[in-house]
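Novice: What follows is a structure written as structure tokens; I'll ask about it next.
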Amino acid sequence: MYLRLIFTNLRRHRIRSFISLAGIALSVAAMLTVVTILQGAIGMFSGILSSGAELIVFERNVSDLFFSDVPKSAAAQIAGWPVVAHADPVLFGVVSSSDHPIITCFGITPEDSRLLKATWVAGNVADFGQHKDDVVLGQRAAEFLSASLGTQVPIGHGIFRVVGIVKTANGFEDGGVFMPLAESQTFFHKEGSSVITIRLRSKDEIAAFKQQVRVAYPNLIALEDAEFSRTYSQFKILKATAWAVGGCGLALGGLGVANTMIMSVFTRIREIAILRVNGFSNMQIAATILGESAVIAIAGAAAGLAIGTAALYGLKAVPALHGYVDVSLQPLLMLIVVVLALITGVLGALYPAGYAVRVRAVEALRFE
Amino acid sequence: MSSFSNSPAEKRVVIRAEGVWKSYDAGSISVLKGVDFEAQAGQAVALAGPSGCGKSTLLHLVGGLDTPDHGRVAVNGVVLNRHRDMVQFLRHEIGFVFQLHNLIPDLTLEENCLLPAQAAGVDPRVARERLNELTLRTGLQGRLKHRIQKLSGGERQRTALCRALMNRPRILLADEPTGSLDEQTAAIVFDLLLNLARGEGVTLLMATHDLALARACDRVVTMHDGRIHEPQPVLS
């Protein structure tokens, strides 16, 4: 009977219920899309950093890795430590071209696993680093720079020759420029690198390696991938922003539900009085109001998940966003979004429910 | 919770109002002015009088929908006040029939009638049996799945009567139950109301303008200007 009352009331005001449901659905879709994209971006950035490595060494207490400066000597020494199987110094920089104000630049050595693992669309890995003005472009970067193998491309204040084009699954890399490390150091006026990515001979040595870095280079820090993703302030800001934007969307959806439920209660004061005269308790009356909002929230969340997923797949199909959108939906994220929608819906109905239980039957029924 | 002490002779008094005053709009509209009233178990009592004399207000006070400014109202020996569990009272002791049936229009006849049973947590099977019994007696058995909008005025009022009796209340309060019906339908509904109340042993307190209907009750109490003006002797 409760469900009957709930669905009857929702059906009675179809348009209002639909608008409210749409508000929740769009909020959920927005939250899902924003959080998934940003988490995907974080994952991609994290992937750039690690690229198969286990540890990242960078300057302690920097807010942004672009400002990190790891001395060349430290990179050389750490690479020589017995526990280290492989060490890749990487210099991150941002350059621009005439049409693209931000292009990520990777200053790497020819041994860097990024180029070794990439699919070479044109050129050969052996050609990388042979001449100082040579660059390898990600496939998308080659597209927007209209570059092909052997062409000269203006990047920043220099002109570079394209010696290779690679395809990678990572959006930042696919839209980026790979320069020999030495050339990038000159280009960006830095002596060292931004980070060193480390692969150890044994994972059992991780704690010992971190301790060794702490002792030998007090101004550097070594973090495991997951540890880095958790603690890097830029990631924290991005995550907080994503949740804040999504939260604002949900709050607006909640206001929509509140508005709908207030209108719903105001237009059936008499009906609530009838329920009261027939023995409905405050809890039972509140349950019908909260039930309505819960139905709106759940249906809205389901619709929002569908819309959000479709939007993510749609964005992924946009060529310009290739590699930037990770559509791997996380069940936990979906659960959180649904629960938040439900909480929002119920919170939005608290005032109307409170109003409904204060309805005095005698006043509502006096004037027939 | 306080009680009236009924003497053995008064054992069957189920409704008692003592010195009841009620006003609205911060006292500017005085509706009841010291009403003393009582009704015995199983009686059908008609509250007669002109509009605004306080009939409905007295019914609301007896039904626990409102509280008196002064004086007290007791039902089944227990004073209605803020200490009393009014939800249980409304579920099990009182049934209401209003002039405008007050049914929920988008629900079916069956769903409307089952509302009190649902509120009281009555076993659905038991509730359905009771509903079948009541609809059979009121001639509504073929209309169970019909929405209220599809019912005639008389059918709606009979539905309201079924709903009021669903939980077997001991007191039935009817506020101008035939006031919105034509003469012929009103007579049918009133006969049904009276017969059902008598058949179930329910105490009926009915506000009405219609003196002819009032006279068919066991007792007629006339109200005027907020007072029990001329209590009539019990007729039967």
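The values are calculated or read from the model by the stated rules, or taken from the named source; none is laboratory data. Keep in mind that this is a model prediction, so the values were computed, not measured. As a convention, Cβ positions derive from the backbone with ideal geometry for all residues, glycine included, and neighbour counts pool all protein chains shown. Protein only, heavy atoms only, side chains kept; ligands, DNA and RNA dropped before computing areas. Shrake-Rupley method; radii C 1.70, N 1.55, O 1.52, S 1.80 Å.
Novice: Could you give log10 I(q)/I(0) at q = 0.26 Å⁻¹ for the stretch A:298-368, computed by the Debye formula over C-alpha point scatterers of equal weight, without solvent?
Specialist: -1.09
Novice: Relative contact order (percent) for the stretch B:110-223, with alpha-carbon contacts under 8 angstrom and 6 or more residues of separation? Walk me through the numbers before you get to the answer.
Specialist: Values: 106 pairs, mean separation 28.4, N = 114.
Reported relative contact order: 25 percent.
Novice: While we're here: What helices in chain B pass both tests, a Cα length along the helix axis of 20 Å or more and a mean Kyte hydropathy of -0.5 or higher, using whole DSSP H runs?
Specialist: Details: long enough: B:124-138 (21 Å, -0.94); B:183-200 (25 Å, 0.50).
Qualifying helices: B:183-200.
Novice: Another one. Please compute, for peptide A:352-364, the average count of beta-carbon atoms on other protein chains lying within 10 Å of each residue's beta-carbon. Can you show the working numbers first?
Specialist: Values: counts 0, 0, 0, 0, 0, 0, 0, 0, 2, 8, 10, 4, 2.
Counting Cβ atoms of other protein chains within 10 Å of each residue's Cβ and averaging gives 2.
Novice: Going highest first, how would you order B:196-202, A:313-319 by mean Cβ packing within 10 Å? Before the final figure, lay out the partial values.
Specialist: On the way: B:196-202: 17.0, A:313-319: 12.1.
By packing density, highest mean first, the sequence is B:196-202, A:313-319.
Novice: Quick check for me: using +1 on Lys/Arg Cβ and -1 on Asp/Glu Cβ, what's the dipole size of the stretch A:220-360 about its Cα centre, in debye to the nearest 20? Walk me through the intermediate numbers first.
Specialist: Values: 9 positive and 6 negative charges, 136 e Å.
For this selection, approximately 660 debye.
Novice: What's the FRET efficiency of residue A:131 with residue A:157 using the Cβ-Cβ distance as r and R₀ = 25 Å, to the nearest 0.05?
Specialist: On the way: r = 18 Å, r/R0 = 0.73.
Step by step, r from the Cβ atoms, then E = 0.85.
Novice: In addition: If amide hydrogens are placed 1.01 Å from N in the peptide plane, which non-local residues have theirs closer than 5 Å to the one on residue A:220?
Specialist: A:60
Novice: To the nearest 500 deg cm²/dmol, what mean residue ellipticity at 222 nm is calculated for chain B from DSSP H runs of n ≥ 4 alone, each contributing -39,500 (n - 2.57), summed and divided by the residues?
Specialist: On the way: 7 runs with 78 residues, N = 236.
-10000 deg cm²/dmol, from helical runs alone.
Novice: Turning to a different aspect of this structure: Peptide B:86-96: average number of partner chain Cβ atoms within 10 Å per residue?
Specialist: Working: counts 3, 7, 2, 1, 7, 4, 1, 1, 2, 3, 5.
For this peptide, the per-residue mean of nearby foreign Cβ atoms is 3.
Novice: Here's another thing I want to ask about it. Nearest 100 Å² is fine: how much accessible area is buried between B and A, summed over both sides, with a 1.4 Å probe? It would help to have the intermediate numbers written out before the result.
Specialist: Details: alone 11220 and 17300 Å², together 26250 Å².
For chain B against chain A, roughly 2300 Å² becomes buried.
Novice: Next question, about the same structure. Taking the highest mean first, how do the peptides B:132-140, A:19-27 order by number of other beta carbon atoms within 10 angstrom per residue? Before the final figure, lay out each step's value.
Specialist: Numbers: B:132-140: 16.9, A:19-27: 24.0.
With the highest mean Cβ count within 10 Å placed first, the list reads A:19-27, B:132-140.
Novice: Same structure again: With a length cut of 18 Å (Cα positions projected on each helix's long axis) and a Kyte-Doolittle mean of at least -0.5, go through chain A and give me the DSSP H helices that pass.
Specialist: Details: long enough: A:14-50 (52 Å, 1.55); A:233-266 (48 Å, 1.08); A:282-317 (52 Å, 1.26); A:331-357 (37 Å, 2.15).
Result, helices passing both filters: A:14-50, A:233-266, A:282-317, A:331-357.
Novice: While we're looking at this one, here's another question. Can you give the % of DSSP beta bridges in the protein assembly as shown that are antiparallel, to the nearest 5? Write down the numbers at each step before the final one.
Specialist: Working: 53 of 80 bridges.
Percentage antiparallel, nearest 5: 65.
Novice: Specify whether the C-alpha gyration tensor of the stretch A:73-231 places it in the rounded, prolate or oblate class, a ≥ b ≥ c being the square roots of the eigenvalues: rounded for a/c under 1.5, otherwise prolate if a/b is larger than b/c and oblate if not. Numbers along the way, then the final one.
Specialist: Details: a/c = 2.09, a/b = 1.95, b/c = 1.07.
Note, shape of the stretch A:73-231 comes out prolate.
Novice: Carbon-plus-sulfur fraction of the accessible area of the stretch B:108-236, 1.4 Å probe, in percent?
Specialist: Details: 2830 of 5740 Å².
With neighbouring chains kept in place, the figure for the stretch B:108-236 is 49 percent.
Novice: Can you give the convex hull volume per residue for the Cα atoms of the stretch A:54-142, as a whole number of Å³? Please report the intermediate quantities before stating the final value.
Specialist: Details: hull volume 12.3 nm³, N = 89.
Spelled out: Cα convex hull of the stretch A:54-142, divided by residues, is 138 Å³.
Novice: Further question on the same structure: Please list B:166, A:283 from largest to smallest accessible area, probe radius 1.4 Å, with all protein chains kept in place.
Specialist: On the way: B:166 10, A:283 155 Å².
Largest accessible area first, the residues go A:283, B:166.
Novice: So what's the convex hull volume per residue for the Cα atoms of the protein assembly as shown, in Å³? Present the calculation step by step, with values, prior to reporting the outcome.
Specialist: Numbers: hull volume 139.6 nm³, N = 604.
Expressed per residue, the convex hull around the Cα atoms of the protein assembly as shown is 231 Å³.
Novice: Using the beta-carbon distance between residue B:69 and residue B:146 and R0 = 51 Å, what value does 1/(1 + (r/R0)^6) give for FRET efficiency, to the nearest 0.05?
Specialist: Values: r = 43 Å, r/R0 = 0.84.
So the FRET efficiency works out to roughly 0.75.
Novice: May I ask you to derive the relative contact order of the stretch A:238-347, considering only C-alpha pairs under 8 Å and at least 6 residues apart, and to give it as an integer percent? Let's see the in-between values first.
Specialist: Working: 56 pairs, mean separation 44.6, N = 110.
The normalised contact order for the stretch A:238-347 reaches 41 percent.
Novice: Restricting to chain B, what percent of DSSP beta bridges are antiparallel, rounded to 5? Don't jump to the answer; show the numbers that get you there.
Specialist: Working: 22 of 40 bridges.
Around 55 percent antiparallel, to the nearest 5.
Novice: For a label point 7 angstrom out from the Cα of residue B:79 toward its Cβ, which stretches of the stretch B:11-43 have the backbone nitrogen within less than 11 Å?
Specialist: Answer for the stretch B:11-43: B:18.
Novice: Output the peptides A:10-17, A:356-363 sorted from most to least packed, where packing is the average of other Cβ atoms within 10 Å over each peptide's residues.
Specialist: Descending packing order for the listed peptides: A:356-363, A:10-17.
Novice: What per residue convex hull volume, in Å³, do the alpha-carbon atoms of chain B yield?
Specialist: Working: hull volume 30.6 nm³, N = 236.
Enclosed volume per residue, from the Cα hull, is 130 Å³.
Novice: If I take every Cα pair under 8 Å that is 6 or more residues apart in the stretch A:1-109, average their sequence separation and divide by the length, what percent do I get for the relative contact order?
Specialist: Details: 53 pairs, mean separation 12.1, N = 109.
About 11 percent, as a whole number.
Novice: Can you list residues whose amide H is under 5 Å from residue B:220's amide H, if they're 5+ apart or on another chain and H is modeled 1.01 Å from N?
Specialist: Amide H to amide H, under 5 Å and 5 or more residues apart or across chains, residue B:220 pairs with B:46, B:232, B:235.
Novice: Compute the distance in nm between two label points, each set 7 Å from the Cα along the Cα-to-Cβ direction, one at residue A:255 and one at residue A:169.
Specialist: Label at residue A:255, label at residue A:169, 4.1 nm between them.
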